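Encoded as structure tokens, the structure appears first; notes follow it.
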Amino acid sequence: MNVPLAIAAFLLLNLAAGLWRVMRGPTAADRMLAAQLFGTTAVATLLLLAEGTEQPALRDVALVFALLAAVAAVAFVQRVWSRRTEDVPD
Amino acid sequence: MSPTEWVIEIASILLLAAGAVFFFAGTVGMLRFPDFYSRLHALTKADNVGLGLTVLGLALRADSLATVGKLLVIWALVLLAGATASHLIARSGLRRGIRPWTAP
């Protein structure tokens, strides 16, 4: 049995469960947090896939994902969330 | 399989499984915690530990030292970027007046 692939599949299930939070919100920040979770989990999944399928190039994809998650969070805070005034719950 | 390879294989499987458990805890925390700040807390810490354990488990299986180095660099990048991003999101949440949850 290929252990890395099995764990990668489990992490994908985790991601699918996390989509519920993207749907529910309630604030934009909660959705952004879910995106952060997806970033970290995607990095782990890609590293496991690189090992499980013996494709070392996937490690570089994981590196790019890590960078993109950081850029996405900064862009969100700077440009999206600082302008709009809706969705502040009390 | 020599006994050493056996021990390394078992240790690697244990580390990978522990990493998966931490990821699961992070997801459950994000789905179940009451407000934005506690979700941030659940997610950032649990996930970074989960990724660290996964990286350690994979490093035991890696075929060269360069691969181990790359795995560690990826983890370090995720740690730095995750900490910075979470701090930014939490601070802008506070500035926008989202109040932390208190027990009703």
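The table for this structure:
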| quantity | calculated |
| --- | --- |
| One residue from B:L40, B:L53, B:L16, B:L88 being more than 23 Å from A:A16 (Cα to Cα) and of a type in the set (A, V, I, L, M) | B:L88 |
| Tabulated pairs, segment B:63-85, first more than 15 Å from A:A72 (Cβ to Cβ), second assigned to a helix (DSSP H, G or I) and β-branched (V, I, T), C-beta under 6 angstrom, 6+ apart or interchain | B:L71/B:V55; B:W75/B:V55 |
| Unique match (being in contact (Cβ under 8 Å) with a residue 60 or more places away in the chain and surrounded by 19 or more Cβ atoms within 10 Å (Cβ to Cβ)) among B:I98, B:I89 | B:I98 |
| Test for B:L65: is it more than 10 Å from every other protein chain (Cβ to nearest Cβ), over 15 Å from A:F38 (Cα atoms) and either buried (at least 16 other Cβ atoms within 10 Å of the Cβ) or among the hydrophobic types (A, V, I, L, M, F, W, C) (or both) | yes |
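Residues are listed down the side, and each one gets a yes or a no for (1) under 19 Å from B:V49 (Cβ atoms); (2) in contact (Cβ under 8 Å) with a residue 40 or more places away in the chain; (3) at the interface with chain B (Cβ under 7 Å from one of its Cβ atoms); (4) buried (at least 17 other Cβ atoms within 10 Å of the Cβ):
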position: A:A9; (1), (2), (3), (4): no, no, no, no
position: A:L12; (1), (2), (3), (4): no, no, no, no
position: A:A16; (1), (2), (3), (4): no, no, no, no
position: A:R24; (1), (2), (3), (4): no, no, no, no
position: A:D30; (1), (2), (3), (4): no, no, yes, yes
position: A:Q36; (1), (2), (3), (4): yes, no, yes, yes
position: A:T40; (1), (2), (3), (4): yes, no, yes, yes
position: A:V43; (1), (2), (3), (4): yes, no, yes, yes
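Any read-out appearing in this document is the output of simple, stated calculations on the displayed coordinates, not a laboratory observation. It should be emphasised that the depicted structure is a prediction, and the values quoted were computed from it without experimental measurement. As a convention, Cβ positions derive from the backbone with ideal geometry for all residues, glycine included, and neighbour counts pool all protein chains shown.
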